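Take a look at the structure set out below.
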Amino acid sequence: MAVPDRGVNGPLAGVRVVELAGIGPGPFAAMLLADLGADVVRVDRPGGGGLAIDPTYDVTNRNKRSVIVDLKADGGAAQVLDLVERADILIEGYRPGVAERLGVGPEACHARNPRLVYGRMTGWGQEGPLAQRAGHDIAYIAITGTLGMIGDPGEPPAIPANLVGDYAGGSLYLVVGVLAALTHARVHGEGQVVDAAIVDGAAHLSAMIHGMLAAGGWQDRRGANLLDGGCPFYGNYETSDGGHMAVGALEQQFYDEFIALLGLAEMAPARKDLARWGELREAVAARFKERTREEWTAVFEGSDACVAPVLSLR
């Protein structure tokens, strides 16, 4: 692995992070800290992780240094605690109790460095009936109701890769938590344990939807709401070449521009008439099928119609 260029500064320059290597959201969180300028040392286990990809292509390793430590061997925990003594933040993603059994849990780390921010990443949290169960993103977002919101009404829920749980509900919440705790540590001289449970973060992400549901502005079923594909001017439409265009013309002024560029001025009044939404959707779908994705991209280029081509990763 290339040694990061420490001549590049960032808002976290001078912050030292110890990452106990894992897969998925933990490494991503440490990558964000490194991107912000932190000095991240990743503690790798001999032989690597189970689902890890070839390190040559793993972008979550960027801007990190690496050491290999066998935490199950004599002296392994002591090596990590030596790093902890000089660190500001530690990140681990073990199942509850594993770090403690390995000798690098919060109590052991804080005995060496009381100012340390100890960041933990789990799926179900440290306590509770699910805490010791294995899991992945899809299960975490399933029980929060988040997965059930996504997809067509007549189909099983659509799977949003592992972005909503692992990275949004997990990594980003862990980073917010450790940065808040770092501020506290610098002001008060005491560290904290930040327990970021993916299931909690994924549930919290739907806060606005829960408010809309309570207010009667959201139906608890897929494809029936303003932001879940139920609205004809907020969704995806197929083009003549099998591509798709994404439409998000929610506000009146954006909708007016969208309808004008689409050439459907006669359908404009249907925006506020829910009884005509089916008719409007059919008209929009038929119009998009008349041209290719590239042609429609050119039509909407530079406009405020809130339309974008749906591209693949490459």
Original post:
Out of the residues in the range 13-51 that are modelled with pLDDT of 90 or more and either touching a Cys at 6+ places or on another chain (Cβ under 7 Å) or at positive phi (or both), which is least open to solvent (accessible area, probe 1.4 Å)?
Top reply: 37
Subject >> Looking only at the range 194-220, and only at residues there that are closer than 7 Å to residue 169 by Cβ and in contact (Cβ under 8 Å) with a residue 40 or more places away in the chain, the one that is surrounded by the most Cβ atoms within 10 Å (Cβ to Cβ) >> reply: 198
**OP:** Would you mind finding the one in 281, 287, 291, 271 that is touching a residue at least 12 places away in the same chain (Cβ under 8 Å), surrounded by 11 or more Cβ atoms within 10 Å (Cβ to Cβ) and not in a helix (DSSP H, G or I)?
**Re:** 291
**OP:** Considering every residue within the range 252-259, establish whether at least one is open to solvent by less than 70 Å² (accessible area, probe 1.4 Å) and in contact with a Leu (Cβ under 8 Å, 6 or more places away or on another chain).
**Re:** no
Subject >> Single match in 230, 223 (criterion: touching a Lys or Arg at 6+ places or on another chain (Cβ under 9 Å) and surrounded by 13 or more Cβ atoms within 10 Å (Cβ to Cβ)) >> reply: 230
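The values are calculated or read from the model by the stated rules, or taken from the named source; none is laboratory data. In this text, all values refer to a predicted model and were calculated from it rather than measured experimentally. Cβ: placed from backbone, ideal geometry, glycine included. Neighbour counts: every protein chain shown. These area figures cover heavy atoms from the full protein model, side chains too; ligands, DNA and RNA do not enter into them. Shrake-Rupley method; radii C 1.70, N 1.55, O 1.52, S 1.80 Å.
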